[in-house]
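What follows is a short report on a single structure.
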Amino acid sequence: ICLRLLAEVYDMDMRDIDQIADKVVEFGRARSMEAMVTQAADYLEQDKPVDNIWELFDRGRQTTSFSGDELNIKDQLMDIEDLIDEDDLYNPEKKIPTRILSLDGFMGGGLARREVGVVLGYTGTGKSTFLINMGAAAFLQGNTVVHFTVNELETVDLAVRYASRLSGVPTAMIASRSVGAAYKEKMQRVMAEVGDADLVSQYVSPGTSVSALRSFLSRQMYKKGKAPS
């Protein structure tokens, strides 16, 4: 029987192999999804935390999708400028400025898409303020921003700082609830500028895992139908 099967495979018409491969991948993804749903049902019966279920779905989403598109670099070498224009990765208008002119100049306009920035400094040197400035700059460009704060700023404190940065009104005045009409007029203009962009904060405790943060983002995408920029 095995020899006959091998002979049939050898003589098989391979013109539709791409379609067959797609069907095999689709079948595998469907089985993976079924296993994930079954596991989620078990979690519910065991009264496990909801975050465990979100992490399960998030892992399933990652394992059932490809990590990125294939690019034949050789074919793009002669028209590399067109590729850059299409991707928009190096566009300074799409970068998030730090608002420190010398640093932005060194970084070609600021932090670019798919780049990770790490800010280091001793206590009291302005790391939190620096990040709030970048978050506000991204928000003003119409980007949806999620600001995680780990065992440091409470969400209300973060909101007050963002309100001050976006309006120009001192934090002490905002905290004393005496902002006045000028503040509200400024914020109305800001809301008109950012359109449907969101600014979300989430306080997390020390030791929070990367998968837990990713699960939070997955829930945001599920509830609002859009991913953070």
For this session: From (1) more than 21 Å from GLN141 (Cα to Cα); (2) open to solvent by less than 50 Å² (accessible area, probe 1.4 Å); (3) within 26 Å of the chain's Cα centre (by Cα), pick out the condition that doesn't hold for GLY207.
Result: (2)
For this session: Give just the number: which of (1) open to solvent by 60 Å² or more (accessible area, probe 1.4 Å); (2) of a type in the set (A, V, I, L, M); (3) in a loop (DSSP other than H, G, I, E, B); (4) more than 24 Å from ALA227 (Cβ to Cβ) does ALA172 not satisfy?
Result: (3)
For this session: Determine which member of the set MET134, MET191 is more than 19 Å from GLN202 (Cα to Cα) and at pLDDT 90 or above.
Result: MET191
For this session: Scan the range 140-161 for residues that are under 22 Å from GLU93 (Cα atoms) and not in a strand (DSSP E or B) and jot them down.
Result: LEU140, GLN141, GLY142, ASN143, THR144
For this session: Considering each of GLU34, GLU81, GLU45 in turn, give the residue that is loosely packed, with under 11 Cβ neighbours inside 10 Å, farther than 30 Å from LEU131 by Cβ and modelled with pLDDT of 85 or more.
Result: GLU81
Problem set entry | Any pair with Cβ under 7 angstrom, 6 or more apart, that starts in the range 211-229 at a residue that is farther than 20 Å from VAL116 by Cβ and ends at one that is crowded, with 16+ Cβ neighbours inside 10 Å and of a type in the set (A, V, I, L, M, F, W, C) | ARG219/TRP54
For this session: Filter the range 86-124 for residues that are surrounded by 14 or more Cβ atoms within 10 Å (Cβ to Cβ) and among the polar types (S, T, N, Q) and give the result.
Result: ASN91, THR98
Exercise. In the set ASP198, ASP157, which member is among the acidic types (Asp, Glu) and either at pLDDT below 85 or over 27 Å from PHE57 (Cα atoms) (or both)?
Worked result: ASP157
For this session: Considering only the range 137-159, state which residues are of a type in the set (Val, Ile, Thr) and closer than 23 Å to PRO206 by Cβ.
Result: VAL145, VAL146, THR149, VAL150, THR155, VAL156
For this session: For residues that are assigned to a helix (DSSP H, G or I) and of a type in the set (Lys, Arg), scanning just the range 184-229, find the one that is nearest to GLU55 (Cα to Cα).
Result: ARG214
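The values are calculated or read from the model by the stated rules, or taken from the named source; none is laboratory data. Note that this is a predicted model, so its numbers are computed, not measured. With ideal geometry, Cβ positions are generated from the backbone for all residues, glycine too; neighbour counts draw on all protein chains shown. What goes into the accessible areas is simple: the full protein's heavy atoms, side chains included, and nothing from ligands, DNA or RNA. Shrake-Rupley method; radii C 1.70, N 1.55, O 1.52, S 1.80 Å.
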